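The values are calculated or read from the model by the stated rules, or taken from the named source; none is laboratory data. Just so you know, these numbers come straight off a predicted model, no measurement behind them. Reconstructed Cβ throughout: ideal geometry from the backbone, glycine too, with neighbour counts over all protein chains shown.
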Amino acid sequence: MGDGDAAGRLDGEEVGRIFREESGRSLAALIGVFGDIDLAEEAVQEAFAVALRRWPRDGVPPNPGGWITTTARHHAIDRLRREARGRELLSEVAVLLPGRDDPGKPPEVGPVQDDRLRLIFTCCHPALSTQAQVALTLRLLGGLSTKEVARSFLVAEPTMARRLVRAKHKIKAARIPYRVPEAHELPDRLRPVLAVIYLVYNAGLSSSAEPGLCAEAIRLARMLATLLPDEPEVAGLLALLLFTESRRASRTRPNGSLVVLGEQDRSQWDRGLIEEGQTILRQCVRRNHPGAYQLQAAINAVHADAATVEETDWPQIVALYDRLLGVAPTPVVALNRAIAIAELHGPAVALALVEELDLDHYYPFHATRADLLWGLGRNSEAAAAYQRAAAMAPTDAEREFLRLGGRASR
Amino acid sequence: MTHYLLSVHSVEGEVREPVTDEEMARSHEQLAVLEQELKSAGAWVVSGRLHESATATVVRMAGGEMVTTDGPFVESKEHLGGFYIIQAEDLDAALGWASKVTGAIKVPIEVRPFAGFEA
């Protein structure tokens, strides 16, 4: 400590970055010790407030996360000592404290080694609504402020604050456990965790409201993949996000309008992310337990392999969609499969498949119909379908793209 | 330990799928086994089945006087038909018991924590 260089370049932004990276871990460790989310949140915030005062003067400690956890724990203990109820709680947790003094040391052996893993399973417990799961995950594991979480999902801050309070109250009152599910429960319990991370990513993709969401989702997926290295769907989700992320910058024009996959400048795709995704996917293939995320990642890998859209291996993509439809037989998957079929067998075959789907409420359904009708020269029907899609599109970029006639305008 | 209410709501006038005597007997048998299991696990506190809501009576204070009226408190189609009060380590344990009950009687079970029973 007392490093003059560190003190020189440390500012609020740097502490903010450390907060994003470390607060989830510290918070999870404190909830593990005290079993109280509100107490843990307050203590971690207090520790960061101390850091903000002290670090610019003394420099950043060698293990900032450990420093935050230790400081927060002392703060929580001080607070509990001042309250009668707290003193009771303290006597209960006292036995746990010595082993927890080294923040770098995992609290137990076995498949479960990190409190953040417990925390994400608590946040994404099926007894909570999806909205609450997402909000809790971003707030507690992502270190986002209530304001940022609210902005991410386009709701007013007081609404989000109430949602968070209600969810935390339910966790406490109903005693939603703070533990990693046992092996036989894991498939069921992992599903909402993966869904929440995917939802966070897509929220970042489709809105410019909170630009950090994509990075946050990838960070959570990486964390989960490190903590649950034997779950192929976790790896599959991470690979899927990496492939999607590799194309994110090519997805929009400088004016914000959307660029479809076939028209993207492939030289702009992030090769580093693609390679990482491919490495993960190869490990998945070796394990041979395919699931919906792995198959979606594989489809994205095929696109990433093609230097130009003409070189795309459509038979392979259709084959992967067939398997995806087997594990996830939803109309949305069927729609995406039809789009691939159109590339392979032409728009007439694809349109016949699309017309059978019950997706009237889903704007990509209308956009796809429009593309296929245009491909068949049925232009007035195509125009009507584009208008229908544009009226339902969630973002300005997509609305604008569709209003101009989607692919047909190119 | 937390106490939980596992409640079974029956819908008035709802036509349930015809149940054979054999199915009924099997369901009762499963419930008896389950109750025994709850008791030996130390989870059982009390359980019961209620008569239909038409048998209910409400007493209330009105203008300083006690008034007794016929019928359930809430005029609704759904009524509490039966319940278990259990104690469990956490919600997952309570949900585990609830899924056994719903498995035996094939109707949804609502699980709610009691306030103020926490150890």
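I need a count of the residues in segment A:140-182 that are in a loop (DSSP other than H, G, I, E, B), over 26 Å from A:CYS214 (Cα atoms) and free of Cβ contacts under 8 Å to residues at least 60 places away in the same chain.
5
In segment B:73-93, how many are in a strand (DSSP E or B) and within 14 Å of chain A (Cβ to nearest Cβ)?
3
Name, by its number, the condition in (1) closer than 25 Å to A:TRP269 by Cβ; (2) surrounded by fewer than 21 Cβ atoms within 10 Å (Cβ to Cβ) that does not hold for A:SER246.
(2)
From (1) touching a Cys at 6+ places or on another chain (Cβ under 9 Å); (2) surrounded by fewer than 19 Cβ atoms within 10 Å (Cβ to Cβ), pick out the condition that doesn't hold for A:ALA297.
(2)
Tally up the residues in segment A:32-76 that are under 27 Å from the mean Cα position of the chain (by Cα) and β-branched (Val, Ile, Thr), please.
5
Against the condition exposed (fewer than 11 other Cβ atoms within 10 Å of the Cβ) and either in a loop (DSSP other than H, G, I, E, B) or within 14 Å of chain A (Cβ to nearest Cβ) (or both), how does B:HIS51 come out, does it pass?
Judged against the criteria, B:HIS51 is a match.
For A:LEU357, all conditions in the list (1) surrounded by fewer than 20 Cβ atoms within 10 Å (Cβ to Cβ); (2) part of a helix (DSSP H, G or I); (3) over 27 Å from the mean Cα position of the chain (by Cα) hold save one; what is the number of the exception?
Result: A:LEU357 fails condition (2) only.
If you go through segment A:34-52, how many residues are buried (at least 20 other Cβ atoms within 10 Å of the Cβ) and either among the β-branched types (Val, Ile, Thr) or touching a Cys at 6+ places or on another chain (Cβ under 6 Å) (or both)?
Residues meeting the conditions: 2.
Only one of (1) under 27 Å from A:ILE18 (Cα atoms); (2) away from chain B (no Cβ under 14 Å); (3) of a type in the set (Val, Ile, Thr) fails for A:VAL180. Which number is that?
Against the list (1) under 27 Å from A:ILE18 (Cα atoms); (2) away from chain B (no Cβ under 14 Å); (3) of a type in the set (Val, Ile, Thr), A:VAL180 comes up short only on (2).
Here are some residues: A:ALA319, A:ALA367, A:ALA334. Which one is surrounded by fewer than 18 Cβ atoms within 10 Å (Cβ to Cβ) and in a helix (DSSP H, G or I)?
Criteria check complete, one pass: A:ALA319.
Of all residues in segment A:148-177, count the ones that are within 14 Å of chain B (Cβ to nearest Cβ) and within 13 Å of A:VAL134 (Cβ to Cβ).
1
Would segment B:53-75 turn up any residue that is in contact with a strand residue (DSSP E or B) (Cβ under 7 Å, 6 or more places away or on another chain), at pLDDT 95 or above and not hydrophobic (A, V, I, L, M, F, W, C)?
Scanning segment B:53-75 turns up no residue that is in contact with a strand residue (DSSP E or B) (Cβ under 7 Å, 6 or more places away or on another chain), at pLDDT 95 or above and not hydrophobic (A, V, I, L, M, F, W, C).
Check off (1) out of contact with any Lys or Arg (no Cβ under 8 Å at 6 or more places or on another chain); (2) within 30 Å of A:LEU154 (Cα to Cα) for A:ILE317 and give me the number that stays unchecked.
(2)
Would you please name the residue that is farthest from the other protein chains (Cβ to nearest Cβ), looking only at residues in segment B:94-119 that are without any contact (Cβ under 8 Å) to a residue 40 or more places away in the chain and either closer than 16 Å to A:PRO126 by Cβ or among the basic types (Lys, Arg) (or both)?
Top of the filtered list is B:THR102.
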